[in-house]
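Undergrad: Before anything else, here's the structure in question.
The values are calculated or read from the model by the stated rules, or taken from the named source; none is laboratory data. Since we're looking at a predicted model, the values are computed, not measured. Neighbour counts are summed over all protein chains in view; Cβ atoms, including those assigned to glycine, are modelled from backbone coordinates with ideal geometry.
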Amino acid sequence: MIYTSPHSNLSNIIGTSPEDIDNRKQGSDRFLLMAVVALMMFGVLAVYSSIAYFAESKSTTAFTLITGHIIKLGIAFVVMLIVSKINYHTLAKFSRLGMVISWVLLVAVLMFGTEQFGAKRWLNLGGFTFQPSTVATVALLLHVCVLLSEKQDYVKDFKRSFVPIMVWVSITCALIGVQDFSSAGILFGICLIVMFIGRASTLQLGTLVLIGVFGGMLLLNQSENRKSRIDDYITQVKDIESTRILQGSGYQAQQAHIAIAKGEFFGVGIGKSSQRDFLPAPYNDFIFAIIAEEYGIFGAMSLILIFTLILFRGVVFISKNAEDTLGSLLAIGCTLTIVLYGFVNAAVASGLLPVTGLPMPFVSYGGTSMLFAGLMVGILLNISKHHKDRRTMYYG
């Protein structure tokens, strides 16, 4: 659990003088920064290898698409650096406004959204297409952490703490869930973890988990697409089909398994993937399968280790050594979001989870998800500048 001092109230923190904040500032976590750069390099190579078929369908070239991907990576990196310079307490002041804007965008995508790949998740504003769910994810994590920080003196109170926080969480996740059930489920789970670490009542959270499981089952039964994905996954676990190429249900997972099997230990070589011509969205949802095929188990495990390093730095160092409750909770929320998206993407390609359609941060083909992943890393880097002990931060 996080230690809470009498001065952890957000209003007291925001009221700290700039001179005091500057005196506590140190350099950003260089290990986290190096890990993110390594993911970006992995992503450029993997996307370039897997995007040829997609380029043909769009009547363009792989070089054009990879150039666009690199530009988006550059924008995400610049956003990350800019946000790392903004004190996270300043961002906390706008958490409620961020929530209101994200709700407006989520409602707008339900009414005017663009449908792609059978899902209405994208909103087009002035020629710029983005996913409002990514905006809502960052806004909700920030606002939940702010509320927990403000309510530490009575955080276990049901009416004053639990209910107000869950109103924000429930409405946001419900709006996202209509468009993207997988993203809503992960976000809901991360919020519960952050609340648990923020000293919310275990009994209240446990009851909510049971209600959430029941509600999730109801939502699954209301969507034939979601039901088919679960059925395919159960069938895949019970009876692995290896004697014939599946068509329709199970095709994606089987092609991903073939890609991973072809890679063996050291892979078939950079740019030599054959499964990229058969896998749907190999540059996004199944990017991990392409990496496993070209770089083998060695390359795939290296990628997992990079995400593990981010988890380690974010939770064990940045969160543990943050100067206040808000910084600790925000570091955990941002870290878990980035790492869980990466792990879930890898688990889907490996057959450990049903097909979800979640991208791998900084590795999958560029989009708004990469931009907001950069924003979250920027927040982490800023939190790492305001810590209790520089020596502990860098050398454990």
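Undergrad: Just give me the residues in the stretch 73-92 being buried (at least 17 other Cβ atoms within 10 Å of the Cβ) and closer than 17 Å to residue 41 by Cα, in sequence order. Even if it seems obvious, please write down each step before you answer.
TA: Filtering the stretch 73-92 for residues buried (at least 17 other Cβ atoms within 10 Å of the Cβ) gives 73, 76-77, 79-80, 83-84, 87-89, 91-92.
Across the stretch 73-92, the qualifying residues are 73, 76, 77, 80.
Undergrad: Those residues that are surrounded by fewer than 23 Cβ atoms within 10 Å (Cβ to Cβ) and either at pLDDT 90 or above or aromatic (Phe, Trp, Tyr) (or both), I need them from the stretch 278-294; list them, please. Spell out the reasoning first.
TA: Keep residues of the stretch 278-294 that are surrounded by fewer than 23 Cβ atoms within 10 Å (Cβ to Cβ), which gives 278, 280-281.
Of everything in the stretch 278-294, just one residue is surrounded by fewer than 23 Cβ atoms within 10 Å (Cβ to Cβ) and either at pLDDT 90 or above or aromatic (Phe, Trp, Tyr) (or both), namely 278.
Undergrad: May I ask you to list the residues in the stretch 147-167 that are out of contact with any helix residue (DSSP H, G or I) (no Cβ under 7 Å at 6 or more places or on another chain) and over 19 Å from residue 99 (Cβ atoms)?
TA: Scanning the stretch 147-167 gives 153, 156, 157, 159.
Undergrad: Filter the stretch 307-337 down to residues that are buried (at least 19 other Cβ atoms within 10 Å of the Cβ) and within 30 Å of residue 65 (Cα to Cα), then give me how many there are.
TA: Qualifying residue count, the stretch 307-337: 6.
Undergrad: Here is a follow-up. Restricting the first residue to the stretch 203-214 and requiring it to be within 12 Å of residue 192 (Cα to Cα), which pairs with a second residue that is surrounded by 10 or more Cβ atoms within 10 Å (Cβ to Cβ) and among the aromatic types (Phe, Trp, Tyr) meet a Cβ separation below 8 Å and a spacing of at least six or different chains?
TA: So the pair list comes out as 204/158; 204/162; 205/196; 212/188.
Undergrad: Anything in the stretch 167-185 that is of a type in the set (A, V, I, L, M) and surrounded by fewer than 20 Cβ atoms within 10 Å (Cβ to Cβ)? List them, or say none. Walk me through it before giving the result.
TA: Of the residues in the stretch 167-185, the ones of a type in the set (A, V, I, L, M) are 167, 169, 171, 174-176, 178, 184.
Answer for the stretch 167-185, where residues must be of a type in the set (A, V, I, L, M) and surrounded by fewer than 20 Cβ atoms within 10 Å (Cβ to Cβ): 167, 171, 174, 178.
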